[in-house]
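The values are calculated or read from the model by the stated rules, or taken from the named source; none is laboratory data. Note that this is a predicted model, so its numbers are computed, not measured. So basically every Cβ, Gly included, is an ideal-geometry build from the backbone, and we count neighbours across all protein chains shown. Side chains included, ligands, DNA and RNA excluded: accessible areas come from the protein's heavy atoms. Shrake-Rupley method; radii C 1.70, N 1.55, O 1.52, S 1.80 Å.
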Amino acid sequence: MPSLFAIAAIGTRGQLGLNGRLPWHDKSDLAWFREMTYGHAVVVGHNTLRQLPPLPGRVILSAEQFATPEDLRAYVRDAGEHVYLIGGAKTFNKFACVVDRWYVSKINYDGPADSWFNPMWLVAGAE
């Protein structure tokens, strides 16, 4: 059954938007991200899309093309395969209610951020 997965890398205090930095200190985390998302569609918000390095082997979908969480859920169902929500904060906030599973990695980063991970996203779709 196709699922919507969300993947987030957060700093030690929950930093999410890392001021344009993508601090992949742990190369195994980057390799894991590539392995999980390769060959699948990824949904990304406008601000994150501007900062995103090339992601070969993935279909990049703008979060703006889905007016409602139900529209994204319908896309996942119709695609017939897993889709990955990869950020940023506004995108997570909008679609958390339809995420089937969250993958959150804590990275060794304790600097500034422009947004923060909201733990309530993890239960937004819970009954």
Within segment 101-127, residues being surrounded by 16 or more Cβ atoms within 10 Å (Cβ to Cβ) and within 21 Å of Val59 (Cα to Cα) number 1
Looking only at segment 15-44, and only at residues there that are of a type in the set (Gly, Ala, Ser) and at pLDDT 95 or above, the one that is most open to solvent (accessible area, probe 1.4 Å): Gly39
So, in segment 74-102, of the ones that are in a helix (DSSP H, G or I) and touching a residue at least 60 places away in the same chain (Cβ under 8 Å), which residue ends up farthest from Pro2 (Cα to Cα)? Ala89
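Results for (1) of a type in the set (Gly, Ala, Ser); (2) touching a Phe, Trp or Tyr at 6+ places or on another chain (Cβ under 7 Å); (3) under 20 Å from Ala31 (Cβ atoms), shown as yes or no for each residue.
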| position | (1), (2), (3) |
| --- | --- |
| Arg77 | no, no, no |
| Ala96 | yes, yes, no |
| Ala113 | yes, no, no |
| Trp116 | no, no, no |
| Trp121 | no, yes, no |
Looking at segment 45-73, I want the residues that are aromatic (Phe, Trp, Tyr) and have a partner that is crowded, with 19+ Cβ neighbours inside 10 Å and assigned to a strand (DSSP E or B) with Cβ atoms under 8 Å, at least 6 apart or on another chain. Which pairs are those? Phe66/Val43
Glu64 fails exactly one of the following numbered conditions: (1) of a type outside the set (Gly, Ala, Ser); (2) closer than 17 Å to Ala8 by Cβ; (3) open to solvent by 70 Å² or more (accessible area, probe 1.4 Å). What is the number of that condition? (2)
Test Ala8 against the stated conditions and say whether it is in contact with a Phe, Trp or Tyr (Cβ under 7 Å, 6 or more places away or on another chain) and of a type in the set (Gly, Ala, Ser). yes
